[in-house]
Amino acid sequence: MKNTRQTPLFPNQTRLLHGGDYNPEQWPAEIVAQDADLMDQANVNSVTLGVFSWCALEPSEGVFDFDWLDRMMDSQSEHGRYVGLATPTAAVPAWMGTKYPEILRVNPDGLRNRQGNRVNTSYASKVFQEKAAIIVSKLAERYTGHPALAFWHISNEYGGCCYGPESILAFREWLEHKYESLENLNRCWWTEFWSHRYSAWDQIFPPGAPLGETSIHGLTLDWKRFSSDQIISFLTMERCILKSYGPDIPVTTNLMGTYAGVDGFKISKHLDFVSWDSYPWFHGKPSELDGWIRTAFHHDLNRSMGDGRSFLLMECTPSSSNWYPTMKLKRPGQHTLEGLQAIAHGSDGVQYFQWRQSAGSLEQFHGAVVGHNNRSDARVFCDVKELGAKLNQLDGLVGGWVHTKVAIVFDWEVLWAIQTCLEYRSKTPQYTETILSFYRSLFDISIAVDIVDSTCDLTDYRVVIAPMLFMLRNGIEQRLASFVSNGGCLVTTYLSGWVDDSTKAYLGGIPEPLRSVLGIVPEEWDELYPDETNTILWDRRQFTFTTYSERILNVSATVLATFENDFYAGEPALTVNQYGSGKAYYIASRNEAAFTSTLMQQVMSEHGILPISNASHPVGVSIRTRNTPTETYVFVLNYANTTAEISLDEPNLQDAYTGELATVQITLEAFGSRVFRKPLSYC
Ligand code: GLA
């Protein structure tokens, strides 16, 4: 059941968080003293301490120094700031990596890394597990119950995997636990192919090494699952220690969007709230709408991974990032806009990497609230201060929820299965981009969506969109069937229902009950050359498609559109099937955006799903709402680099900062934003 209650990140949270990563251990006392005052000036009410602080906490083996952290925790408490206290396990001290080289990662070729960098240890290493358990226990013992401690921030951006001997043993154990017998494993992995049948567990090695096994799809997919599970089990180890000292103190870890190395839905089940790091302008320009839409998608994903409860934007940059291809500064207005976007989509705060720009090493030129110039009248500092002041006025929103009736399925295991089974075709599937194309079409018509995976409860939705549902797992086909039969609407596409959860093809095509739900059986699929296009005809409108088309046979569904050219001209390109009280659409080709928009508009209006707002506004303006038990907050966000005239078309909107009643017509400057309040109402 999706959340529709007010759920703050932690029980005593009364304010939206505003702050971020702070590393006082890098700085002398006089700078640290200045920071306390500067944070007050910048309206900072939260800090993340201790990320990467292991060598300050345990300067040599078994010798601990908590004095600096004691002082820091006390000082944050005196200043009324929330602390997210990190466990330092994302980077190990030099003494540890050199004394115990077996904790360091081994690459697919079998070469062990040297001490250095970060996230460079094996989650399977017993020594690393022991060392991590010691420091986590010490922190938990000392700071559980400290008045400043709001939540635990476990490690930092877990990721990657290790191909060392301990990982290989752990992988074999994981496989034995999963398959119980080699006979079963061989059957699921289809190992008679190329005579690859295993007769002993120790014949199995991880895939991916250039000189090693790469041809068994089941093995490759299981290695991805195992590597993700390794991360989750390390997190769980840390979590259990923290919870044994203070069961009520929430834990989180900062996730990384759609990063492929860990299943976001699965790891989120072990978190009390979800948090993530947003660095959107790596892939695009802040002046382009697409980047803002991608960021909105990721916020919605993170909210959904927490079953609709509020999440936390754990990191974003206050200005630029030194690892972006171009270190573009945020334009005036963009900082507030980026922060409010996160709040509108369900974040209970805006936190930064980093408070103070480090003087040396890899991230010395990464954006920070306080730059090397140490000035509180610098533009970035002023932008941060201004956003903080605005967030102070929005505290009533803490724990508020986003109302949705539509879900898009994005599934990490489907992503892995597509990457694995269609490896030869690696450039064509574009799974995540396809998901985004559906998200974009709904964003354009102002429809709020959740992002779900194959394990999620679908009962609260009216429409579920499941593009490229290549692999069926966890009984998703049964749940989709009952969802449709009970009146829901399913939209799915080409490349759906091809393989089971061990990557074996379904013989006879899409299995039951999905076949009956869709009323079709695809027979074969055609790939278009990169420069080739074709068209479909739907309701006398022509739409272009690229990349994929499928030939559909045995149609009991109604054909809505047909292909126009090639030997399959006249065959079904879009079908709809009545199943129980609901219906299911099947899209057989990768169509242009105009098609997706048209279909989405039709489906939404058929199912009574209204836009978030009826305001009229130019492209680039997005209106979002977030609810509390008594009020709806309305965010009007102008992502365009031009002034926008907006006709609000709603009475009773009160400016959330000034309390004034809104005029019907408002003007937003480039990257401008407004927030209004009104009595609780659902669209
Ligand atoms: C990540 C990390 C931070 C920092 C930033 C820089 O999100 O968690 O420690 O490296 O990137 O953008």
Work from the charge dipole of the chain (Cβ charges, +1 for Lys and Arg, -1 for Asp and Glu, about the Cα centre) and give the residue of Ile445, Thr4, His335 farthest towards its positive end. Thr4
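Return one whole number: the accessible area per residue of segment 406-606 in Å², for a 1.4 Å probe.
That works out to 37 Å² for each residue.
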Please work out whether segment 428-580 counts as rounded, prolate or oblate from its C-alpha gyration tensor, where a ≥ b ≥ c are the square roots of the eigenvalues and a/c under 1.5 means rounded, while otherwise a/b larger than b/c means prolate and anything else oblate? rounded
By average Cβ neighbour count within 10 Å, what is the ranking of 491-500, 620-629 from highest down? 491-500, 620-629
May I ask you to list, by number, the DSSP H helices of the chain whose Cα span along the axis is at least 18 Å and whose average Kyte-Doolittle hydropathy reaches -0.5 or more? 29-41, 126-143, 217-245, 379-392, 431-444, 593-606
Let a ≥ b ≥ c be the square roots of the eigenvalues of the Cα gyration tensor of segment 345-433; is it rounded (a/c under 1.5), or, if not, prolate (a/b larger than b/c) or oblate? oblate
Relative to 2.2 N^0.38 Å, what does the C-alpha radius of gyration of segment 621-679 come to as a ratio? Two decimals please. 1.08
Mind scanning Lys2/Lys243; Lys126/Lys269; Lys126/Lys266; Lys405/Lys583; Lys330/Lys385; Lys285/Lys330 and naming the pairs with a C-alpha gap bigger than 18 Å? Lys2/Lys243; Lys126/Lys269; Lys126/Lys266
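For Lys405, Lys285, Lys427, write out the residues from largest to smallest accessible area, computed with a 1.4 angstrom probe and no ligands counted.
On the way: Lys405 60, Lys285 120, Lys427 165 Å².
From most exposed to least exposed: Lys427, Lys285, Lys405.
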Rounding to the nearest 20 debye, state how big the charge dipole of segment 406-606 is about its Cα centre with +1 on each Lys and Arg Cβ and -1 on each Asp and Glu Cβ. 360 debye
Please give me the summed charge of the neighbours of Tyr461: other residues whose Cβ is under 12 Å from its Cβ, Lys and Arg +1, Asp and Glu -1. +1
Taking every C-alpha to C-alpha distance in segment 165-218 and binning by 10 Å from 0, the per-bin percentages run 23, 60, 16
Honestly segment 495-616 on the Cα gyration tensor test (a ≥ b ≥ c root eigenvalues; a/c under 1.5 rounded, otherwise a/b vs b/c for prolate or oblate) is just oblate
Can you find, among Ala569, Gly487, Trp538, the residue farthest towards the positive end of the dipole of segment 406-606? Put +1 on the C-beta of Lys and Arg, -1 on that of Asp and Glu. Gly487
Find, among the GluC sites (Glu not before Pro) in segment 134-191, those assigned to loop by DSSP (not H, G, I, E, B) with at most 14 other beta-carbon atoms within 10 angstrom. Glu180
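Normalised by the empirical 2.2 N^0.38 Å for globular proteins, what value does the Cα Rg of the chain take?
0.99
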Rounded percent of accessible protein surface that carbon and sulfur make up, the chain, 1.4 Å probe: 52 percent
Fraction of alpha-carbon pairs in segment 306-384 farther than 18 Å apart, rounded to whole percent, equals 44 percent
Using only the alpha carbons, work out the radius of gyration and Dmax of segment 251-326 in angstrom. 12.8, 37
Run the Debye formula on the Cα coordinates of segment 40-113, all scatterers equal and no solvent, and tell me log10 I(q)/I(0) at q = 0.19 1/Å. -0.83
Whole number in Å², please: accessible area per residue of segment 165-218, 1.4 Å probe, ligands, DNA and RNA not counted. 63 Å²
Return the aspartates and glutamates within reach of Lys138: Cα separation strictly under 20 angstrom, same-chain partners fewer than 8 residues apart disregarded; answer none if there are no such residues. Glu25, Glu58, Glu61, Asp65, Asp67, Asp70, Asp74, Glu130, Glu238, Asp248
Magnitude of the charge dipole, segment 384-518, Cβ model with Lys/Arg +1 and Asp/Glu -1, debye to 20: 260 debye
Explain nothing, just the number: dipole magnitude of the chain about its Cα centre with +1 on each Lys and Arg Cβ and -1 on each Asp and Glu Cβ, in debye rounded to the nearest 20. 480 debye
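The values are calculated or read from the model by the stated rules, or taken from the named source; none is laboratory data. Every value quoted in this text rests on a predicted model; they were computed, and no experiment measured them. Cβ coordinates were reconstructed from backbone atoms using ideal geometry, including for glycine residues, and neighbour counts include every protein chain displayed. Ligands, DNA and RNA are excluded from the accessible area calculation, which covers all protein heavy atoms including side chains. Shrake-Rupley method; radii C 1.70, N 1.55, O 1.52, S 1.80 Å.
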